[in-house]
1. Rounded to the nearest 5, what % of DSSP beta bridges with both residues in the range 19-247 are antiparallel?
2. Have a look at 160, 201, 62 and tell me which one the Gaussian network model of the chain (Cα, springs below 10 Å) gives the largest fluctuation.
3. Aspartates and glutamates near residue 231 by alpha-carbon distance under 20 Å, same-chain residues fewer than 8 away left out - which ones?
4. State log₁₀ I(q)/I(0) for the range 44-91 at q = 0.15 Å⁻¹ as given by the Debye formula over alpha-carbon point scatterers of equal weight, solvent excluded.
5. Just give me a number: lysine pairs in the range 20-120, eight or more positions apart or cross-chain, with C-alpha atoms less than 27 Å apart.
6. Can you show me the helix-derived [θ] at 222 nm for the chain, built from DSSP H runs with n ≥ 4 at -39,500 (n - 2.57) apiece and divided by the number of residues, rounded to the nearest 500.
7. In the P(r) worked out for the range 9-61, what percent of Cα pairs fall beyond 17 Å?
8. Would you compute, for the Cα atoms of the range 19-247, the largest minus smallest coordinate along each principal axis and list the three values in descending order, in whole Å?
Amino acid sequence: MTTVDELKTLANADPIPSPYRVSVLYGDHGKRKTTTACSMVNNRGLLLSSDESWKVLLNDKHKELFGKVKITILEGLSQLQYIDMDGYDTIIWDTVSQSVDIFLDLLYDKGKWSGSQRDHIISSHPDLKDVKALGAIDYRVTRDTMRPYLNRLFQETNAHIIFTSQLTEPMPGLSKDQRFRPSIPAATFKIIGTRADIIAHLKPGSGGKFTAEVTENSLTVLGKSRIQEIKGNMDLDKFVATYKEIVFP
């Protein structure tokens, strides 16, 4: 039984920082999210693939990256309970936005709610008959369902975590947040974003090169960095090199 003195000691203990980093890489289709994430692996990584993006690693120029990662096709969230995540320096969820979309599709197709939790579309067109829009409860259930799987990654693995995501482009006058951001519902992304040490928007730069933007307090792009050497809009190769110098000294 824990004594009062022990409880006081625990309550006033100095924080011990985790040696593992959490990163989010997001961008439009074909903007090097998968290859960048794999480039951030040191010796051995686990790539949890929810889409076909991993096939880019089959190109000869990515042979070295392909040799560093074990690819596991992620078909559903419950699969995460049984995947062995030991022995990797980095675990990549590519793309977490696709996993969220798959779960939302599952809710729409198979989930039924009592009462008027979803709005019906009013239309006489036969293709729109009985079509409903997802409601707030669907997004809350998605958040609550994903939370334990995300917490397992954060709390029960000894590895750096990298999430990749497709991009949400704001709709002028309609979107509350007018920044480019990961295509993940806000309540679900909050679990990831509060843990993230890096949130980087990958995009084409000048001269055919790509950049990773982590600019904070930007009016146009969601970015974040808790690593002082990673800041602003960085050349993608420099971003990866700097990350590895800090994370794998």
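Just so you know, all these numbers are worked out from the coordinates, no wet-lab data involved. None of the values given here were measured: they were computed from a predicted structure. Every residue, glycine among them, receives a Cβ derived from its backbone with ideal geometry; neighbour counts consider all protein chains shown.
1. Working: 13 of 37 bridges.
Around 35 percent antiparallel, to the nearest 5.
2. In this elastic network of the chain, the residue with the biggest mean-square fluctuation among 160, 201, 62 is 62.
3. 197, 213, 216, 245
4. Log10 of I(q)/I(0), two decimals: -0.41.
5. So the count of such lysine pairs works out to 14.
6. Numbers: 7 runs with 79 residues, N = 249.
The helix-only estimate for the chain comes to -9500 deg cm²/dmol at 222 nm.
7. Values: 710 of 1378 pairs.
For the range 9-61, the share of Cα pairs beyond 17 Å comes to 52 percent.
8. Ordered largest first, the range 19-247 gives principal extents of 58, 42, 33 Å.
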